[in-house]
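A.B. asks: Handing you this structure, nothing more for now.
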Amino acid sequence: MKPKANISEFRRALMRVVLLTPWDQKCGNAEYSKHLVTGFSDEVEIFPIDLPNLMGTRRSFGDKYKLHKDFRRILQKINEIDPDIVHIQHEFVFFGSGTSRSCVNFDWFTKRLRHPFVVTMHTLPVKLLNPDKRKLLRRIDPRRLISRFHLIRAMERARGVILHSQSTQRVLMQATKSLSDKISVCPLPIGKVEGTSAGIYTKQASDVWLTIIGFVSRYKGHLSAVELLSHLPNNFKLVIAGGFHPKEGNPEAYWSSILSKADQLNLSDRILFTDFIKTKAEQSYYMERTDAFLLPYQEVGQSGSAVLADCMAYNVPIITSDAMSMIVYRTESDTCFSSSILFSSTQESYRQTDAQREVFDFSLAASQLERLFAAMQDQNSVQRKHRKTVQTRFSLEETCSRHLRIYNDVLGGKASGRN
C-alpha cells in the first residue's frame, strides 16, 4: 500500500522564496512584485514580507534605531520561514530617508541576512557610482565615497544582482568589476492591464487622447506634455491618469505648476485630470482608449519603468524621453523602433537652472507624432513589427522563466549573471 504523502514534506519540495517589498502599501515596486508573482509556476512558493517605505519622511532623532528594530523583525520572519532564497526588491527609500543613510542600512541588513539572496536594483544613482570626472569635489566628497562603499559591499554579498536595462548594467560595471559575474539583465514584463470599469471621462468620436499613466511626480515631465499639447490640433486631449504619490513631499507645488502652465497656454478645456486611479480596471479603461502614451521622464537613474512595460502591451505610439529607463526594450535590432524618443530628459529637469536646460522644439515633436500614428496603424511598418516582437520576448511568462533560472543558478552555486 502506497503511504500517504506528508503535506509539509510536499510543500518543502517547492522552492521557497521570500520576497521583500512594501507589499501592503501603495507603491509601484509592490505592484510590480505582485504582477511578477502571478507568473510563477507551481514550482515556487512565495512568501512576501512588507518592507518599510520612507519616501517623504523626515529624519528625526532615533530613526536609525527604530529602523534597525524593524529590520530585525524582518530578519526574524525570514529565519522562521527558512526559505531557499530571499529576493530583495530594492529602492533606496526602503532602507533610509536619504541616499547616504539608505546605503549604510542596506549594508547593515545584508550583513545579517543568513540566507542566500538576490537583489533587484530598480534605481542606480549614476552620480553616486560614477560622478562626472570634471567635478573633483564631488568625486572626493567623503559622504559620496562612504555611501558608494556601503552600497557596493551590500551588492557583493548577493548571489545575484538583477537590473532592468543594459544601460544600468554599464553604469554598475563602470563602478566596480567585482559584480560582473553576478549581474543579470531582466526587463520588466509586458502585459495588458486587465479589467473593465467606467472612467469619469467619456471619449468623443473626434477626440485623440494622449495619456500619461501613473503617479503625478516631478520627474515624469508633465510640463513637457502640456507644452506639446499646445502645438497640436484642438481635438487632441491630454489625459493625466493618476494622482499624487501618497508619500511624496509637497506634491501640491508640482500640481500647481502643471495648472499654471495649462492656464498660461489656455489649455484648461483640453487637459483631463482623473485623480488617483483606484483599481486596475479603471487604469485599463483609460489605457484601452488611449491613442498615444506620453512618457517624458527625467533622468533619475531608474533601471526600468513599470509604466512603460504596461504601455508596450498596446499597439499605439509610445512617446518617451531619452532617459535610461525609456530605452530598455530598444537595445536589439528587431525591437529598436518599438517606441519613439521625442522628448529630452533634461528639458524639464527640476534639478537644473533654466540656463542648463536643453532647448527643445515642441512644434517639430508635434509633427513627428502625427506621422507615428500612421506608422502604428500599418501592420507592416517597422514600428508595429518591433512592438509585436517586444510583446512576445518580454512577456510575463518569459520574465518569470528568467527569474527561475537565476534562482536555480544561485541555489546550484553557479554565477547567476546572464542577459
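The values are calculated or read from the model by the stated rules, or taken from the named source; none is laboratory data. Because the structure is predicted, anything quoted here is derived from the model rather than measured. In this analysis, Cβ positions are derived from the backbone assuming ideal geometry, glycine residues included, and neighbour counts consider all displayed protein chains.
A.B. asks: Go through (1) modelled with pLDDT of 90 or more; (2) surrounded by 14 or more Cβ atoms within 10 Å (Cβ to Cβ); (3) closer than 30 Å to His122 by Cβ for Met324 and report which single condition fails.
C.D. replies: (1)
A.B. asks: List the residue pairs whose Cβ atoms are under 6 Å apart, where the first residue sits in segment 280-293 and is touching a residue at least 12 places away in the same chain (Cβ under 8 Å), the second is in a helix (DSSP H, G or I) and surrounded by 21 or more Cβ atoms within 10 Å (Cβ to Cβ), and the two are 6 or more positions apart or on different chains.
C.D. replies: Phe293/Cys311
A.B. asks: Additional query: Could you tell me whether Ser257 is within 22 Å of the chain's Cα centre (by Cα) and assigned to a helix (DSSP H, G or I)?
C.D. replies: no
A.B. asks: Working carefully through the options Thr202, Thr168, find the one that is modelled with pLDDT under 95 and within 16 Å of Thr123 (Cα to Cα).
C.D. replies: Values: Thr202 fails: within 16 Å of Thr123 (Cα to Cα).
Only one candidate passes the filter, namely Thr168.
A.B. asks: List, please: which pairs have Cβ atoms under 7 Å, are six or more places apart or on different chains, and start with a residue in segment 101-112 that is farther than 15 Å from Arg72 by Cβ and assigned by TED's automatic domain parsing to the domain that holds Met155 and end with one that is of a type in the set (Phe, Trp, Tyr) and in a helix (DSSP H, G or I)?
C.D. replies: Short answer, once both residue conditions are applied: Ser102/Phe92.
A.B. asks: Only one of (1) out of contact with any Ser or Thr (no Cβ under 6 Å at 6 or more places or on another chain); (2) in contact (Cβ under 8 Å) with a residue 24 or more places away in the chain; (3) not polar (S, T, N, Q) fails for Asp269. Which number is that?
C.D. replies: (2)
A.B. asks: Another question, if that's okay. Given the residues Gly214, Gly221, which is the only one that is under 25 Å from Leu342 (Cα atoms) and touching a Phe, Trp or Tyr at 6+ places or on another chain (Cβ under 8 Å)?
C.D. replies: None of the other options fit; the residue is Gly221.
A.B. asks: On to the next question. Just to confirm my filter: which helices (runs of 4 or more DSSP H) fall fully inside segment 1-114 and include at least 2 residues that are surrounded by 13 or more Cβ atoms within 10 Å (Cβ to Cβ) and either modelled with pLDDT of 95 or more or in contact with a strand residue (DSSP E or B) (Cβ under 9 Å, 6 or more places away or on another chain) (or both)?
C.D. replies: 28-37, 63-81, 99-111
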